[in-house]
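Below is one structure; the comments refer to it alone.
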Ligand code: PMP
Ligand code: GLN
């Protein structure tokens, strides 16, 4: 008999909905992953690295050339100077980066502010470290950063706040004014760190520029910033990303990392070291995804659903105006319409239900067409 560290935790909604989608042969717009191919040049780069014998452990903190080239990219994009040996660690995915950052700083009894709806790994990552999540709601339909509520929650036990922009599941984005307001309210609490989840940095639409926390020197000094190659290069199954933090924070992060993963997949890092020097794959990404977002929204415009503005990420949420719970609605949609979604209540610690579902539009046009056809047909039949 073991005493569970996560007694309240079951299987993630992403796995649950993907399994249900398979069972009912449904089109999977639930779990966030692209269904189109990644760039063949990057696949070839990995094969070449393997053939060249790059198949052993690489440096503990990441392949040196990859770290050097990330430093150059981050400097160009966010005007942030980082030393490749001190301020960055390549991680097996962003989820691992977030977990490691939290594990590096949390002690039992600490509090971490989480803005809900929240990506589902945050709260278990806090709880497993013996700390307490303090959940604050962002309100639909805008999901603005609730500065006053955050200010009211801050106290001497607060050790971190997690900010995610572009945001999963809502597609909301943090603006410069939000970061400046956060900076101001954190001033009396110098012990508070920021975990900035920026996995969708390049998936940003409507002419907005991504506001990385790295652009704000006062905030960057206290932040762990996590990124994911999976989202940028259409290879979520690679589970590869990186974390950037100032030396004193990265030093602790590396201590946890060296006895956990130690290092990440070598051939992929070798291939990425070259590939990330190309700017087009990430500068064009937002435009491409925006087209897919608009295509799906247009196709579903006749449904009695209200779209929630999405300015970034893979996702578009819809308020479906149903009397049943969003979970039941999502289940019904899989079984009757043959389309899988994610009920947004799954992103709340207490399952708050606003009757909103999330659809992933990072899909081929054929997939979006088939999903639109099924949903329109189902909606006509049921109205
Ligand atoms: N944060 C957010 C907001 C995400 O949506 C995801 C998605 N998968 C992750 C972190 C995890 O990224 P990775 O797959 O690189 O672990
Ligand atoms: N980030 C993806 C999503 O939100 C899925 C990640 C996962 O399955 N763990 O759908």
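Starting from the Cα of residue 65, step 7 Å along the direction of its Cβ; do the same at residue 11; then give the gap between the two resulting points in nm.
4.2 nm
Over the C-alpha atoms of the stretch 238-309, what are the Rg and the largest Cα-to-Cα span, Dmax, in Å?
19.6, 54
Roughly how compact is the chain, stated as its Cα Rg over 2.2 N^0.38 Å to two decimals?
Against the empirical 2.2 N^0.38 Å value, I get 0.98 for the chain.
What is the spread of the Cα atoms of the stretch 80-198 along each of their three principal axes, largest first, in whole Å?
Principal axes ranked by extent give 39, 30, 28 Å for the Cα atoms.
Restricting to the chain, what percent of DSSP beta bridges are antiparallel, rounded to 5?
50 percent
What's the exposure ranking of 315, 33, 253, 189, going from fewest to most Cβ atoms within 10 Å?
Listing 315, 33, 253, 189 from fewest to most nearby Cβ atoms yields 189, 33, 253, 315.
Sort 4, 341, 309 so that the residue with the fewest other Cβ atoms within 10 Å of its own Cβ comes first and the one with the most comes last. Please report the intermediate quantities before stating the final value.
Working: 4 8, 341 29, 309 15.
Fewest to most other Cβ atoms nearby, the residues stand as 4, 309, 341.
Label points 7 Å out from Cα along the Cβ direction at residue 1 and residue 75: separation in nm?
5.9 nm
Can you put 162, 150 in order of Cβ neighbours within 10 angstrom, beginning with the fewest?
150, 162
How big is the Rg/Rh ratio for the stretch 145-287, C-alpha atoms only, Rh by Kirkwood, two decimals?
Rounded to two decimals, Rg over Rh is 0.98.
Given labels modelled 7 Å from the Cα in the Cβ direction, how far is it in nm from residue 381 to residue 191?
5.8 nm
Where does the Debye-calculated log10 I(q)/I(0) of the stretch 210-255 sit at q = 0.13 Å⁻¹, using only Cα point scatterers of equal weight, no solvent?
The calculated log intensity ratios at q = 0.13 Å⁻¹ are -0.36.
Consider all pairwise Cα distances in the stretch 318-383 and report the whole-number % of them above 21 Å.
23 percent
Only the coordinates and a few stated rules stand behind these numbers; no lab work does. On a predicted model such as this, the values are computed, not experimentally measured, just so you know. As a convention, Cβ positions derive from the backbone with ideal geometry for all residues, glycine included, and neighbour counts pool all protein chains shown.
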